[in-house]
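For reference, the structure is listed below as structure tokens.
The values are calculated or read from the model by the stated rules, or taken from the named source; none is laboratory data. No experiment lies behind these values; they were computed from the predicted model shown. As a convention, Cβ positions derive from the backbone with ideal geometry for all residues, glycine included, and neighbour counts pool all protein chains shown. The area values use the complete protein model at the heavy-atom level, side chains included, leaving out ligands, DNA and RNA. Shrake-Rupley method; radii C 1.70, N 1.55, O 1.52, S 1.80 Å.
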Amino acid sequence: MSNRMWGGRFAEGPDAIMEEINASIDFDQKLYKQDIAGSQAHVRMLAEQGIVSSDDAEKIVSGLNTILSEIEAGTFKFSRALEDIHMNIEARLAELIGPTAGRLHTARSRNDQVATDFRLWVRDTLDNLEDQLTELLQALCEKAETHAGDVMPGFTHLQSAQPVTFGHHMMAYVEMFARDRSRVQDARARMNESPLGCAALAGTSFPIDREMTAKALGFDRPTANSLDGVSDRDFVLEALSDASICAMHLSRLAEEIVIWCSAQFNFIKLSDKFSTGSSIMPQKKNPDAAELVRAKTGRIYGALNALLVMMKGLPLTYSKDMQEDKEQAFDALPNLSLALAAMTGMVRDMEPNTKVMKKAAGSGYSTATDLADWCVRVLGMPFRDAHHVTGALVAKAVEKNVELHKLSLEDMQSVEPNITDDVYSVLSVDKSVRSRVSYGGTSPANVRKQARRWLKQLERDAKRS
């Protein structure tokens, strides 16, 4: 039996294997809301332009509303034989209202239909991700403000480098996730053009009004070129690219949470809400939420790479290869959403062990740079000479197995005779962080100012939305 959708060109139905590889309804049924919204906008425009009658348009709109209710109630029966969400809905519409349903597809193709549906879905998803990133920024800023003065080690190469504050560390991630939010906003603005009306690839001879359908669906404008309109998948590539960068940031923070929760570091505590136990070791409390956030990065990267590879060799315009775009996005973007929700929960939940962190901040000769700076500022040394003197003092401290501030003045003067006991004023971790007053530095005053600035900005953003 021929497939009615393909018309009289085919005398036989597809082979079972062809049906298996060709069907997309198992995953593209996620687009049902977008498909129905696009169809309703399209048929209303057809009626406005006199291409179909108002009565037929009303029947179609009403039938589509019935189908929407059926899908949301779980009573709609999806058929793999009908391939995709578009034909499943159209077939059910024909059952409900008869031959009038056939007028819906006037002046459009599944090519512009799916491009429109997918843009709408990605746009909705980006809006949700923006909201989630805003929540994460809020949680980080609140944590930063609360712990603006709590000292911890700052690391390079995962080696103790200089003292910073826990609040400053949180604000570093505010900057990262703020860039992620900005990228999401940019991608959303760039993709907000409607392909509906491009038809198969060349446009249509019917007197359609693409501005009307674009406005009805919340797009800024119609796409300017019909060839590009049906074949462009930049919008999902950009969404997945932004998602990959965001996932990388989430993974970095997740890695630090895993490290900080270890008994060897013991910098933070996570409650039972974001931890799991062991089936054999009763003492274990594992930061599994952070580990799973870290792990999800790979599948998000994989989705971007898969789509890039799929698109790289396609000539204009539409090829069936593009059916492979949706499963990647349907997997990656919801997993990013889940990871954002988990990270926001962990940030709100975690409590720093301030005494442990402060003690660790003083280890590893972390105030050596403060000593070098003191030599420059007080003794007038060139920095390279001060660096050499400080290195020699660190070596002496290592030899004596003491921290820098425990070296005697006599020991210090044996390396540099002009050092005075004023040097001890810069060797505590508290004074070290308070001295870092340069813009963007770790001084508690700076951290509080930045956290409050961001919290006010987020409040303004909420009022505008």
Matching residues, the range 321-335, being open to solvent by less than 10 Å² (accessible area, probe 1.4 Å) and within 16 Å of residue 245 (Cα to Cα): 329, 332, 333
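Can you say whether residue 339 is at pLDDT 95 or above, farther than 21 Å from residue 28 by Cα, open to solvent by 50 Å² or more (accessible area, probe 1.4 Å) and of a type in the set (A, V, I, L, M), as far as the supplied structure shows? Can you show your working first?
Working: at pLDDT 95 or above: yes; farther than 21 Å from residue 28 by Cα: yes; open to solvent by 50 Å² or more (accessible area, probe 1.4 Å): no; of a type in the set (A, V, I, L, M): yes.
Taking the combined requirement at face value, the residue does not satisfy it.
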Restricting the search to the range 366-409, which residues are of a type in the set (S, T, N, Q), in a helix (DSSP H, G or I) and surrounded by fewer than 19 Cβ atoms within 10 Å (Cβ to Cβ)? 369
Yes/no for residue 339 being in the same structural domain as residue 231 (by the TED database) and part of a helix (DSSP H, G or I): yes
If the requirement is being buried (at least 21 other Cβ atoms within 10 Å of the Cβ) and over 30 Å from the mean Cα position of the chain (by Cα), which of these qualifies: 104, 129? 104
Give me the pairs: first residue in the range 112-141 and closer than 23 Å to residue 345 by Cα, second residue open to solvent by less than 30 Å² (accessible area, probe 1.4 Å) and hydroxyl-bearing (Ser, Thr, Tyr), beta-carbon distance under 6 Å, and six or more apart or on different chains, which are they? 135/344; 136/344; 139/344; 140/173
Does any residue of the range 293-305 turn out to be farther than 30 Å from residue 34 by Cα and either open to solvent by less than 60 Å² (accessible area, probe 1.4 Å) or touching a helix residue (DSSP H, G or I) at 6+ places or on another chain (Cβ under 7 Å) (or both)? yes
Pairs, please: C-beta under 9 Å, at least 6 apart or cross-chain, first residue over 15 Å from residue 36 (Cβ atoms) and in the range 78-97, second at pLDDT below 95 and hydroxyl-bearing (Ser, Thr, Tyr)? 83/24
Just give me the residues in the range 350-365 being closer than 30 Å to residue 272 by Cα, open to solvent by less than 50 Å² (accessible area, probe 1.4 Å) and either in contact with a helix residue (DSSP H, G or I) (Cβ under 8 Å, 6 or more places away or on another chain) or not small (Gly, Ala, Ser) (or both), in sequence order. 350, 352, 353, 357, 361
When you look at residue 238, is it touching a residue at least 40 places away in the same chain (Cβ under 8 Å), in the same structural domain as residue 114 (by the TED database), open to solvent by 10 Å² or more (accessible area, probe 1.4 Å) and among the charged types (D, E, K, R), yes or no? yes
Could you go through the range 418-439 and let me know if any residue there is in contact with a helix residue (DSSP H, G or I) (Cβ under 9 Å, 6 or more places away or on another chain), under 30 Å from residue 133 (Cα atoms), among the charged types (D, E, K, R) and modelled with pLDDT under 95. yes
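Here are some residues: 371, 333. Which one is in contact with a Ser or Thr (Cβ under 8 Å, 6 or more places away or on another chain) and modelled with pLDDT of 95 or more? Break it down into steps so the answer makes sense when it comes.
Details: 371 fails: modelled with pLDDT of 95 or more.
Just a single option satisfies the conditions, and that option is 333.
Among the candidates 414, 438, single out the residue that is polar (S, T, N, Q) and either more than 23 Å from residue 156 (Cβ to Cβ) or touching a Gly at 6+ places or on another chain (Cβ under 8 Å) (or both).
When all the criteria are applied, what remains is 414.
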Among the numbered conditions (1) part of a helix (DSSP H, G or I); (2) buried (at least 21 other Cβ atoms within 10 Å of the Cβ), tell me where residue 91 comes up short. (2)
Would you confirm whether any residue within the range 293-302 is without any contact (Cβ under 8 Å) to a residue 40 or more places away in the chain and closer than 26 Å to residue 117 by Cα? yes
Filtering the range 432-444 down to residues that are part of a helix (DSSP H, G or I) and in contact (Cβ under 8 Å) with a residue 60 or more places away in the chain, which residue is surrounded by the most Cβ atoms within 10 Å (Cβ to Cβ)? 433
